[in-house]
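Worksheet for the structure shown next.
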Amino acid sequence: MATIFPTGFAHYLAGGILLGLAVSLLFAATGLIGGMSTVFTSTWSWVSKVPFFQDARFTQSRVWRVVYAAGLVLGALAFIVFFSGGATFQTSISWWQLLLGGFVAGFGARMSNGCTSGHVICGLGSLQPPSLAAVCIFLGTAIVVANVVKALGGL
Amino acid sequence: MKTSHLLVVLLCGALFGFGLAASTMIRPEVVLSFLRFKDFGLLLVLGGAAAVTLIAYQLLPRLMKKPLLAENFGKHPSVMNRDTLVGAAIFGIGWGISGVCPGPAIAGLGAGNWPLLISVAGLFAGAYVQGRWFGNAN
């Protein structure tokens with residue numbers, strides 16, 4: 001156990017169960033499917049007249065998706081304030097990795113209609129074969145790319 | 001959507017953000033250490049989350065006629081097509097470059113992980129370029 005979980009396993013499992021409870025409570029109360037990537041598209045519908053962004057799936061979900069995203073920020077803040085002694089953490093990943101990685105992941109998640117939360121948590125939770133295929137594919141490419149970036153000297 | 005609905009959405013989002021912070025997923029370094037086989041914790045996070053969600057998604061529609069505050073349980077069907085699979089491959093490339101994916105990028109801001117604003121900008125830009133020039137209005 002020590003070798004595959006060098007920082008322990010309890011916080012990972014507990015955190016994961018909380019993520020599942022959050023998505024489950026959202027579903028029980030509102031019937032909504034709580035993936036995260038679509039907020040990066042639906043929010044554009046307020047400022048872009050491009051027909052793609054004016055699709056009903058974006059204009060009808062943009063309000064709750066922004067509120068859900070605001071909740072993410074508040075929840076992480078609550079953890080830091082009440083359970084982490086106010087200790088913040090800034091990543092030391094280089095800016096070009098953050099920008100390029102964000103851009104490529106944003107493009108891919110839109111194209112695939114899902115990300116880690118959408119395809120893994122919601123997609124596998126609803127037993128959807130296309131999501132299982134998507135998860136296997138993006139875990140595969142991510143593992144290859146992360147190791148290539150490391151070999152090339154990235155953080 | 002009613003204010004009471006949105007309050008519940010906010011609380012569920014907060015629980016999600018709390019879970020991302022508690023599991024250290026808001027640290028891209030931890031995600032990269034999984035992708036480089038140094039720490040398999042990410043599998044516990046995703047496995048735990050998917051297992052709980054699986055139970056809720058399968059049981060709730062059988063136990064309740066409708067959600068507490070709405071008329072219907074939603075569905076978000078994935079489609080087995082080129083976009084889903086190629087898009088997943090591209091998403092994984094981006095995830096592997098930075099260790100950042102959409103949920104942790106947003107939640108990290110609440111934990112003062114300001115450099116993630118760069119990733120949030122990248123995610124918005126990537127989604128825009130895809131939708132604007134490559135999107136199918138389906």
Residues of region A:1-34 classified as at pLDDT 95 or above, hydroxyl-bearing (Ser, Thr, Tyr) and in a loop (DSSP other than H, G, I, E, B), total: 0
Is there a residue in region B:60-67 that is more than 7 Å from chain A (Cβ to nearest Cβ), within 17 Å of A:Leu124 (Cα to Cα) and at pLDDT 95 or above? yes
Scan A:Val81, A:Val73, A:Val50 and give me the residue that is out of contact with any strand residue (DSSP E or B) (no Cβ under 6 Å at 6 or more places or on another chain), surrounded by fewer than 20 Cβ atoms within 10 Å (Cβ to Cβ) and more than 7 Å from every other protein chain (Cβ to nearest Cβ). A:Val81
Residue hits (region B:48-75; out of contact with any Gly (no Cβ under 7 Å at 6 or more places or on another chain) and in contact (Cβ under 8 Å) with a residue 60 or more places away in the chain) are B:Leu69
Residue count, region B:76-131, condition part of a loop (DSSP other than H, G, I, E, B) and touching a residue at least 12 places away in the same chain (Cβ under 8 Å), comes to 5
Please find, among A:Leu25, A:Leu32, A:Leu21, the residue that is at the interface with chain B (Cβ under 7 Å from one of its Cβ atoms), more than 17 Å from B:Leu42 (Cβ to Cβ), in contact (Cβ under 8 Å) with a residue 12 or more places away in the chain and not aromatic (Phe, Trp, Tyr). A:Leu32
Only one of (1) assigned to a helix (DSSP H, G or I); (2) more than 15 Å from B:Pro77 (Cα to Cα) fails for A:Pro130. Which number is that? (2)
Out of everything in region B:2-41 that is hydroxyl-bearing (Ser, Thr, Tyr) and without any contact (Cβ under 8 Å) to a residue 60 or more places away in the chain, what residue ends up being nearest to A:Val135 (Cα to Cα)? B:Ser33
Within region B:27-75, the residues that are of a type outside the set (Lys, Arg), within 22 Å of B:Ile93 (Cα to Cα) and either touching a Pro at 6+ places or on another chain (Cβ under 6 Å) or part of a loop (DSSP other than H, G, I, E, B) (or both) are B:Phe37, B:Asp39, B:Phe40
Boolean, A:Ser37 is at pLDDT 95 or above, part of a loop (DSSP other than H, G, I, E, B) and under 25 Å from B:Ala51 (Cα atoms): yes
Conditions (1) touching a His at 6+ places or on another chain (Cβ under 7 Å); (2) at the interface with another protein chain (Cβ under 7 Å from one of its Cβ atoms): number failed by A:Phe103: (1)
Among the residues of region A:35-58, write down those that are in contact (Cβ under 8 Å) with a residue 60 or more places away in the chain and among the hydrophobic types (A, V, I, L, M, F, W, C). A:Met36, A:Phe40
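The values are calculated or read from the model by the stated rules, or taken from the named source; none is laboratory data. Since the model is a prediction, treat every value here as computed from it, not as a measurement. Positions of Cβ are backbone-derived with ideal geometry, glycine not excepted, and every protein chain shown enters the neighbour counts.
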